[in-house]
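The values are calculated or read from the model by the stated rules, or taken from the named source; none is laboratory data. Nothing here was measured: the structure is a model prediction, and the numbers come from that model. Virtual Cβ from ideal backbone geometry, glycine too; neighbours counted across all protein chains shown.
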Amino acid sequence: MAVLIASDLKKDINGNPLWKGLSFKLERKTRMTLSGRNGAGKTTLLRILAGQAKHDGGDLTFEKGARVILHDQRPPREQGITLREYVTSGRQDLVDLEITLRALEQKMADGDMDVFDKYARAQTELESLGGYRWRDEAADTVRGLGFTDEDLDRNLETFSGGQLTRASLARALSAKPDLLLLDEPTNHLDLESLEWLEKTLVQYESAMVLVAHDRWFLEAVGTSVLEIEAGRAKFFPGTWHAWRREQAAREIALGKSIAKQEAQIARMEDFVRRFSAKATKAKQAQSRVKALDKIEKISRDPTDTRTMGFNFKKAERAGAVIYELEHGRIEVPPPTIVKDVNTNHTKMVSDPHARVLLDDAELWLERGEHVCLVGPNGVGKTTLIETLAGRRPLASGVIRTGHNVKVGYLSQHGEEMHHGGARTIIEACIKATGLKPGEARALLGKFLFTGADAEKELDGLSGGEHKRLGLAILVASGANVLILDEPTNHLDIESREALEDALSQYDGSMIMISHDRALLEVVGTRTVAVEDGELHSYLGGWQEYVEVREDRLAAARSAKDAGKKADAVARGVAAGNGANGNGGGKAAAKAGGSGGGARAASAGGSSAGGGTATATKAPPAGPPMSKNRRREIEKAEARIEQAEVALSQLEEELAAPGAWATPESTEKNTARHEAAKAKVADLYDALERLSA
């Protein structure tokens with residue numbers, strides 16, 4: 001049975017239709033994503049489904065007793081309760097059942113059989129709804145969204161706005177309603193929590209309606225799409241990317257139909273113009289006029305189809321190394337500069353209660369690199385790039401900046417955008433860029449500020465408008481190094497894709513923080529991850545980083561399993577020794593050889609009966625590897641990887657029978673194969689020389 005059936009829904013805003021004709025059916029485990037530009041009415045639809053707003057036409061039919069929960073960007077208003085209490089309040093039915101059970105337990109001492117019956121029924125109902133484990137599951141959800149165990153008993157008032165939004169999401173998920181409505185659930189999540197959320201949602205039994213701008217999230221979670229454009233809706237049963245392909249094909253077909261009809265109309269109008277005055281053709285001309293009047297013109301939906309379209313200026317050539325951070329220590333709050341009154345010298349003084357985010361950190365950015373900085377929330381990513389941008393001091397260490405570096409910085413919330421008293425968008429653009437009014441308007445037009453939009457007052461701008469203005473100013477700056485903190489925040493999907501195109505073509509250097517995995521994958525040439533208080537560098541974009549991370553986790557799990565097996569063997573040996581008084585040395589030597597190979601190989605000897613070994617002293621460590629050498633090794637490894645991929649692709653190509661059909665093709669393809677293998681071998685030789 002369907003959880004919800006919507007039939008011909010209509011909604012008006014101030015007497016004008018927002019949308020009409022919305023129809024769809026939701027069953028359990030279906031996850032419908034909403035598509036539409038900002039202002040199309042997606043959030044309004046969610047609030048109508050949640051009963052928080054009314055529709056102006058059509059019918060909504062819910063399954064009897066269906067529980068509906070909405071998570072949106074409004075933080076919780078509750079005060080004086082802990083995070084644990086707030087999250088579990090989403091299952092008030094279970095809370096009430098537990099209260100009932102406790103009350104009945106107090107009465108059971110009287111021996112009243114009616115009380116026993118009520119207790120049994122309440123106990124059965126609780127177990128059918130998940131039993132007492134539901135509180136543990138709620139706590140697991142809170143942890144999955146990035147909270148700690150200590151956070152569970154903190155009052156809501158002590159959390160930031162972003163944390164409260166995550167708390168609202170945790171409450172909605174823990175409630176496990178029949179219909180779950182999620183408005184931008186990926187906001188304020190780090191990448192680890194985002195991946196957890198995707199895996200969790202696809203396992204839920206609930207029917208869902210989701211609004212999000214994260215393209216990978218939509219593809220991973222959605223099972224259908226409701227497209228809302230120009231006040232109308234189209235339902236598509238399939239994944240988000242399948243819908244995008246269908247949408248593109250539909251747009252191409254529509255364009256062809258419009259072009260064909262326009263050509264037909266032009267021919268008919270030309271006939272009327274040429275022959276309406278001629279007696280022999282006048283009747284035919286009048287027939288064409290009547291036919292023209294009856295034609296129902298094909299047109300696109302009357303919607304705002306504008307998209308951002310821009311490119312960054314060609315970057316001026318900078319030095320080979322843009323930034324070099326050595327032994328960097330970053331603290332919160334940052335150290336203060338104190339002047340010694342006796343020597344007149346200044347020094348950095350750290351706060352004794354400062355939290356150390358990074359210590360002895362090393363980072364470099366080379367000319368033309370696009371580095372993506374990833375890691376959980378709160379580990380210091382934003383603080384690090386603010387330090388690189390010169391907006392906060394290091395506690396210790398040094399940052400070297402290369403030759404001819406011109407930085408363009410875009411923060412997450414636009415704090416750096418001081419508009420010098422500007423009141424409107426156009427004034428802010430002129431003051432920030434030095435452009436003439438006409439030039440400023442031309443620039444702003446590329447960022448969807450056309451006509452009267454450029455005169456909007458800054459105080460009334462939405463988050464997306466603030467972001468687009470910041471990007472316009474950044475493009476005009478001519479920077480050859482971009483430092484970007486969450487550049488896609490508040491942008492719709494079309495604007496995100498325009499930014500992605502511009503950044504992927506940018507020939508300058510860049511270091512960027514983003515939770516948009518599609519952007520990280522397309523733009524990034526290297527990924528730097530903040531892991532366990534250290535910076536680790538990985539070649540390639542997001543997908544390459546994930547593959548390395550998963551391989552490392554798999555290796556760690558294998559090592560852990562091997563350790564458990566070795567421990568089990570050792571325990572068995574110990575038990576055998578205790579029981580028989582012999583045989584332990586032989587078994588222990590075998591266990592040591594399989595579990596700790598290097599130690600067994602370096603054993604200096606063993607006693608005859610006990611199996612104990614004395615390890616030889618480890619050889620002295622060599623000198624530390626220089627940064628330049630380490631970089632060269634990383635580049636060599638990347639070249640090997642590319643050459644091996646090319647060899648593999650060539651071998652697939654040569655597996656076709658036609659590759660060896662003639663003596664000429666055989667000779668040519670043999671030479672190609674030998675050359676590709678030789679290239680891989682040469683690159684390995686070069687890596688061996690570097691590593692020696």
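Among residues of region 240-278 being of a type in the set (A, V, I, L, M, F, W, C), modelled with pLDDT of 80 or more and within 30 Å of VAL221 (Cα to Cα), the one that is surrounded by the fewest Cβ atoms within 10 Å (Cβ to Cβ) is ALA249.
All of LEU519, LEU499, LEU484 fail the test of being buried (at least 20 other Cβ atoms within 10 Å of the Cβ), without any contact (Cβ under 8 Å) to a residue 60 or more places away in the chain and within 24 Å of LYS446 (Cα to Cα), apart from LEU519.
Restricting region 401-411 to residues that are among the hydroxyl-bearing types (Ser, Thr, Tyr) and in a strand (DSSP E or B) leaves a set whose member that is surrounded by the most Cβ atoms within 10 Å (Cβ to Cβ) is TYR409.
When ALA442, ALA428, ALA422 are checked against the criterion of being of a type in the set (Gly, Ala, Ser), more than 15 Å from GLY328 (Cα to Cα) and in contact with a Cys (Cβ under 9 Å, 6 or more places away or on another chain), ALA422 stands alone in meeting it. Counting only helices (runs of 4 or more DSSP H) that fall entirely inside region 22-113 and contain at least 1 residues that are touching a helix residue (DSSP H, G or I) at 6+ places or on another chain (Cβ under 6 Å), the qualifying elements are 83-88, 92-107. Taken together, the criteria place ASP178 among residues that are in contact (Cβ under 8 Å) with a residue 40 or more places away in the chain, over 17 Å from SER35 (Cα atoms) and among the acidic types (Asp, Glu).
For beta carbons closer than 7 Å, sequence separation of 6+ or different chains, a first residue in region 669-680 that is within 13 Å of ARG639 (Cα to Cα) and a second that is β-branched (Val, Ile, Thr) and part of a helix (DSSP H, G or I), the qualifying pairs are VAL680/ILE640. Hey, does region 154-173 have a residue that's of a type in the set (Asp, Glu), outside any loop (DSSP other than H, G, I, E, B) and either under 24 Å from the mean Cα position of the chain (by Cα) or closer than 16 Å to VAL95 by Cα (or both)? No - not one qualifying residue is present in region 154-173.
Here's the yes/no breakdown for (1) hydrophobic (A, V, I, L, M, F, W, C); (2) at pLDDT 95 or above; (3) in a helix (DSSP H, G or I); (4) within 11 Å of the chain's Cα centre (by Cα):
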{"site": "HIS188", "(1), (2), (3), (4)": "no, no, no, yes"}
{"site": "GLU192", "(1), (2), (3), (4)": "no, no, yes, yes"}
{"site": "TYR204", "(1), (2), (3), (4)": "no, no, no, no"}
{"site": "VAL209", "(1), (2), (3), (4)": "yes, yes, no, no"}
{"site": "TRP216", "(1), (2), (3), (4)": "yes, no, yes, yes"}
{"site": "PHE235", "(1), (2), (3), (4)": "yes, no, no, no"}
{"site": "GLY238", "(1), (2), (3), (4)": "no, no, no, no"}
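Taking ARG135, is it over 26 Å from the mean Cα position of the chain (by Cα), within 18 Å of GLY90 (Cβ to Cβ) and basic (Lys, Arg)? When the stated conditions are applied, ARG135 passes them. Number of residues in region 527-536 that are surrounded by 16 or more Cβ atoms within 10 Å (Cβ to Cβ) and either among the small types (Gly, Ala, Ser) or in contact with a Phe, Trp or Tyr (Cβ under 6 Å, 6 or more places away or on another chain) (or both) equals 2. For region 397-430, filtering for residues that are within 29 Å of GLU192 (Cβ to Cβ) and more than 31 Å from the chain's Cα centre (by Cα) leaves 1.
So, in region 66-83, exactly how many residues are among the charged types (D, E, K, R) and surrounded by fewer than 17 Cβ atoms within 10 Å (Cβ to Cβ)?
Result for region 66-83: 3.
Would you mind stating whether THR383 is among the hydroxyl-bearing types (Ser, Thr, Tyr) and exposed (fewer than 13 other Cβ atoms within 10 Å of the Cβ)? So THR383 does not fit the description; no. Checked against (1) loosely packed, with under 12 Cβ neighbours inside 10 Å; (2) closer than 27 Å to THR82 by Cα; (3) polar (S, T, N, Q), THR141 passes all but condition (1). In this structure, does LEU471 turn out to be touching a residue at least 24 places away in the same chain (Cβ under 8 Å), out of contact with any strand residue (DSSP E or B) (no Cβ under 6 Å at 6 or more places or on another chain) and over 17 Å from MET510 (Cβ atoms)? Taking the combined requirement at face value, the residue does not satisfy it.
Of all the listed residues (VAL398, VAL341, VAL356, VAL371), the sole one being of a type in the set (A, V, I, L, M) and in a loop (DSSP other than H, G, I, E, B) is VAL341.
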